[in-house]
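The structure under discussion appears below in the form of structure tokens.
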Amino acid sequence: MQSGTALSTQNSLRQTITRYAGSNLVRQVLGMLTAFARSRLLSPEQFGLWSLLNLIPQYSGFLHLGARSGITYRIPQLHHRGDDAGAALVRNSVRRFSLATSLLAALALLVAATMLHRDSQLSLLLVLSAVLVLVNWWFEHRVVLLKGQQCFDLISRSNYLRAVLLLLSTLVLLPLWGVAGAVLAVILTLATSAIYLLLHSPRMPHAGFDPALLRRMIRQGAPLLGVSLAVLLLRNIDRLMIAGMLDLHAVGLYALGGMIVGFLINIPGVSREVLEPRLMQAKQDRPLERLVGPYLIEPVFKSALLMPLVVIPAELILPFFIHGFLPEYSDGLDAIRILLLSSLVIALFYPLRGIVVARDWQGRTFLHATVAVGLNAVGNWHVLNQGWGLEAVAWVSLASFAALLVFEWFTVMERLPNPREMIPGRRSLLWLAALTISLTLPWAGVSALTAPDADSDLQRLIMLPGFLLLYLPAVLYLFQQPRRTQAAQDGSA
């Protein structure tokens, strides 16, 4: 039987994930409304420009060179050992270094704005992007500090604030100043959210600066940072190549799909953000064999079952939505629907990260991600040169994500000691069934949607209740089976 402490910890973990997931769900829903407002109020060309500018703060978040992972992963271990002074040293060393690199990035953007002063609009946007880099550093540093303290309830509350502020400020500023207004809305939202976190955060001392410690954290975190950077590049390289080989109009059409995928993959990303710091703490006391189930297999199982409940309805609703509300983006609809399938693959990849970090396998994962980026770049260069359109670009991107998932899954399973013993036979069949369902139903859905008898948007919407009636009972049944199996095992123990 499970001990009271173990049950309490498991319940606490579930409650934390539930609350954090709820706040992220609200943030995603309001974020989708914000994205709709941007795409509605901006032309496809302007939306394409916005999507490229939005990459600047995303990539500037990697300028800490992996040192920030020391807060996420090292601080829980230090607190577990009672070393508060060491935790304070880690915080301050990371803060000073990451601020310095962000200041250099902002300075580079200001220099670029000066050099492009003849294009007043682009120059202004670069100046605003420089400000955004610094504000984004401030906000992300506060969030990472709280994750290191496992203060996810405070982060959850800030998610509500951030989502509402971003929607309201976008609706006010974007009609006034276009793309510049959209950037200003993000700046004001992040600054306000950072102030809120600062005022409500627990005391987290920052003291000292240790260059040797910083170098160790960079060496430890750089491979994981490289993995995250490669995955981000894998998500964005198609958009960058479209910008270089086509035009901003095509970028805008394609970027709408990329943003929808970003919203979808944040759903499984929530549990990853909660689980990874706890995994770093748990590995101090328990062998890896006891961590694979709760921190790898079960998250994959749940993602495989639940993501189709998000992706398939999106596939069915999207044509009706775009034709009715965003007709100027209709030419990119087929590519967007293909891109939605990549969110399934990314969701299955996410749980692998924690085990990779726990076992220091980041170097191999970085190699896999780099290969996938290379495949994506070569494939997209070929299809764009051939003039095969945005749909072919989306298929190449989906294939490259699938390749990364296959590479990584087989590598992790190969390196785990006795993986078959960690996965009970009965449950492994259920996981296999779940994976099969999650990967085959979307393809069946796409085939049905493109069939001659499903041409209208209304017919696609009619398919949604039928899908839910068939899929929800299967999900409920499969979710209950692992619990019944575990209860039977506990009863016989």
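Remarks
- Those helices (runs of 4 or more DSSP H) of the range 298-409 in which 3 or more residues are of a type in the set (Phe, Trp, Tyr) and over 19 Å from Arg239 (Cβ atoms) occupy 308-325.
- Of all residues in the range 110-125, those that are touching a helix residue (DSSP H, G or I) at 6+ places or on another chain (Cβ under 7 Å), in a helix (DSSP H, G or I), of a type in the set (A, V, I, L, M, F, W, C) and surrounded by fewer than 21 Cβ atoms within 10 Å (Cβ to Cβ) total 4.
- Hits in the range 151-171 - residues which are under 11 Å from Ala182 (Cα atoms) and among the β-branched types (Val, Ile, Thr): Thr170
- Boolean, Arg142 is of a type in the set (Lys, Arg), modelled with pLDDT under 95 and in contact with a helix residue (DSSP H, G or I) (Cβ under 8 Å, 6 or more places away or on another chain): yes
- Any hit, the range 130-151, residues being farther than 15 Å from Ser60 by Cα, touching a Phe, Trp or Tyr at 6+ places or on another chain (Cβ under 7 Å) and touching a residue at least 40 places away in the same chain (Cβ under 8 Å): no
- Among residues of the range 187-246 being polar (S, T, N, Q), closer than 25 Å to Ser158 by Cα and modelled with pLDDT under 85, the one that is farthest from the chain's Cα centre (by Cα) is Ser201.
Per-residue answers, yes or no, for (1) surrounded by 19 or more Cβ atoms within 10 Å (Cβ to Cβ); (2) aliphatic (A, V, I, L, M); (3) more than 18 Å from Gly252 (Cβ to Cβ); (4) out of contact with any strand residue (DSSP E or B) (no Cβ under 9 Å at 6 or more places or on another chain):
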| site | (1), (2), (3), (4) |
| --- | --- |
| Arg19 | no, no, yes, yes |
| Leu33 | no, yes, yes, yes |
| Arg40 | no, no, no, yes |
| Leu53 | yes, yes, no, yes |
| Tyr59 | no, no, yes, yes |
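- Of Val94, Val135, all but one fail to be at pLDDT below 90 and assigned to a helix (DSSP H, G or I); the exception is Val94.
- Within the range 301-343, the residues that satisfy the criterion of being buried (at least 22 other Cβ atoms within 10 Å of the Cβ), touching a Phe, Trp or Tyr at 6+ places or on another chain (Cβ under 9 Å), among the aliphatic types (A, V, I, L, M) and modelled with pLDDT under 85 are Ala304, Leu305, Ile312, Leu316.
- Just so you know, in the range 374-387 the residues that are crowded, with 19+ Cβ neighbours inside 10 Å and touching a residue at least 24 places away in the same chain (Cβ under 8 Å) include one that is nearest to Phe349 (Cα to Cα), and it is Asn376.
- Exactly one residue out of Leu225, Leu213, Leu234, Leu229 is out of contact with any Phe, Trp or Tyr (no Cβ under 7 Å at 6 or more places or on another chain) and not hydroxyl-bearing (Ser, Thr, Tyr): that is Leu213.
- Considering only residues in the range 188-206 that are of a type outside the set (S, T, N, Q) and surrounded by 14 or more Cβ atoms within 10 Å (Cβ to Cβ), the one that is farthest from Ala67 (Cα to Cα) turns out to be Leu188.
- The lone exception for Arg162 - which of (1) crowded, with 19+ Cβ neighbours inside 10 Å; (2) closer than 28 Å to Gln77 by Cβ; (3) charged (D, E, K, R); (4) touching a residue at least 60 places away in the same chain (Cβ under 8 Å) it fails: (2)
The values are calculated or read from the model by the stated rules, or taken from the named source; none is laboratory data. A quick note: this is a predicted structure, and the numbers were derived from the prediction, not measured. Here the Cβ is made from the backbone with ideal geometry for all residues, glycine too, and neighbour counts use every protein chain on show.
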